[in-house]
1. Name the residues in region 205-246 that are touching a helix residue (DSSP H, G or I) at 6+ places or on another chain (Cβ under 9 Å), hydroxyl-bearing (Ser, Thr, Tyr) and under 23 Å from Asn58 (Cα atoms), would you?
2. In region 352-380, what count of residues is obtained for those that are buried (at least 19 other Cβ atoms within 10 Å of the Cβ), of a type outside the set (D, E, K, R) and either modelled with pLDDT under 95 or under 28 Å from Tyr298 (Cα atoms) (or both)?
3. Tell me, please, whether a residue that is touching a strand residue (DSSP E or B) at 6+ places or on another chain (Cβ under 7 Å) and modelled with pLDDT under 95 can be found in region 37-48.
4. Which condition from (1) under 16 Å from the mean Cα position of the chain (by Cα); (2) farther than 19 Å from Glu214 by Cα; (3) not in a loop (DSSP other than H, G, I, E, B) is the one that Gly352 breaks?
5. Restricting to region 288-297, what's the tally of residues that are of a type outside the set (Val, Ile, Thr), surrounded by fewer than 23 Cβ atoms within 10 Å (Cβ to Cβ) and either part of a helix (DSSP H, G or I) or free of Cβ contacts under 8 Å to residues at least 60 places away in the same chain (or both)?
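The values are calculated or read from the model by the stated rules, or taken from the named source; none is laboratory data. In this text, all values refer to a predicted model and were calculated from it rather than measured experimentally. Note: ideal-geometry Cβ built from the backbone for every residue, glycine included; neighbour counts use all protein chains shown. Remember, those area values only see protein heavy atoms, side chains included, never the ligands or the DNA or RNA. Shrake-Rupley method; radii C 1.70, N 1.55, O 1.52, S 1.80 Å.
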Amino acid sequence: MADSDKTNTQRRQFLKFSGMLMGGAAVSGLSQPLLAKTQLSPTFTPPSADNPIRINFNENPLGMSPKAQAVAKETIAISNRYPMKEMFELRKQLADQYGMPETAVILTLGATEGIRVVIEALAAANVQLVAPELTFSAAEDYARSNGMKITRVPMTKTWDIDLAAMKKAVADYKGPSVVYLVNPNNPTGAICKAAEVEAWINSKPANTLFMMDEAYAEFADDPNFRSVAPLLKAGADNVILLKTFSKLFAMAGMRVGYAVATPALIAKLQPKIGDNLLNYCGIKAAMVSLKDEAFIKYSRASNDTSRKILLQALNALNISYVPSNTNFIFHKLNVPLKEYQEHMKQAGILVGRAFPPADDYCRVSLGTPEEMTYVAKVMLEFGKKGWI
């Protein structure tokens, strides 16, 4: 499918879906079972080796909002210029959103660069990184390359982050600690309860900084989840919040992210960013996306529908999974992961890589509701063959 055709299709899907929402027919409230009700449209093209369903990298399958796409295209014409003014405008827009001064925000190339910047700004031989053993690996990778001590804390039996054990790892260490929490977590999709996280942060353990990665926070619907943003607004000086436009806003390829903290902490991070400039199109698209309430609602509802479709298939197959508050689901396998990956690949579907120590689990990202209907039907067929 040509790029222009994809854009037009995304635009039509957005208008149709958002129209349903504006009319009060929220997809999350549709009657069950969704899998039986969701039909593949006549225009749906089955996946192939050259055009697979990509549900392996936690990408948002919708594409950027039509408004963001339009402004990104317009910006190409002026991309011979540096986006100096626009970077300040985006930073102010974000600061206003969090009720913080502009000096409390720093722009990064996605959340991953934010992780690098924090690690490099704080790294020293006596500083330890405390992280769950099953989480996004960038913090550990950067800590290792910067000579930091790494303390990996085992997960609970249900693949939750063991906050009590992480607290002990901090309390037992004599030097400074950087605590890395992805909430909701990747690759499990589980949350850390707000009451427990906030109590730990508010207790202000000595020489401890909390690096909170909330890349997937917008998808969370568990009432026990809460962002640390209110703590920052209240003046917490031991927290750095990392965010990205890659997930909810479908801008993974644009590489736009940011960090929020006290101005004093941001000042420590700034030298590690240097004169870094985000790309002009990404900045403009991010500014528009933040204001596009219709797309934000559409993106969340589409993800919620896709999640329900996949969960129905897993329940029908009697396959256990970690309750998800993200745009992916971490589920058990009764066959080796490599074998499952290969069968799925032959069906034109790409699923997640291995995540030790959960060697018998697979992370499946969420595609569009139509894509997940196709995936679910393939999984049900695999169930009959003993392939899942």
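1. Selection gives Ser227, Thr244, Ser246.
2. Of the residues in that region, 15 qualify.
3. Within region 37-48 (the criterion being touching a strand residue (DSSP E or B) at 6+ places or on another chain (Cβ under 7 Å) and modelled with pLDDT under 95), the answer is yes, since at least one residue qualifies.
4. (3)
5. Residues meeting the conditions: 5.
Residues checked against (1) over 21 Å from Pro184 (Cβ atoms); (2) open to solvent by 20 Å² or more (accessible area, probe 1.4 Å); (3) free of Cβ contacts under 8 Å to residues at least 60 places away in the same chain; (4) under 18 Å from the mean Cα position of the chain (by Cα):
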site: Leu122; (1), (2), (3), (4): yes, yes, no, no
site: Val130; (1), (2), (3), (4): no, no, yes, no
site: Phe136; (1), (2), (3), (4): no, yes, no, yes
site: Glu140; (1), (2), (3), (4): no, yes, yes, yes
site: Ala143; (1), (2), (3), (4): yes, no, yes, no
site: Asn146; (1), (2), (3), (4): yes, yes, yes, no
site: Arg152; (1), (2), (3), (4): no, yes, yes, no
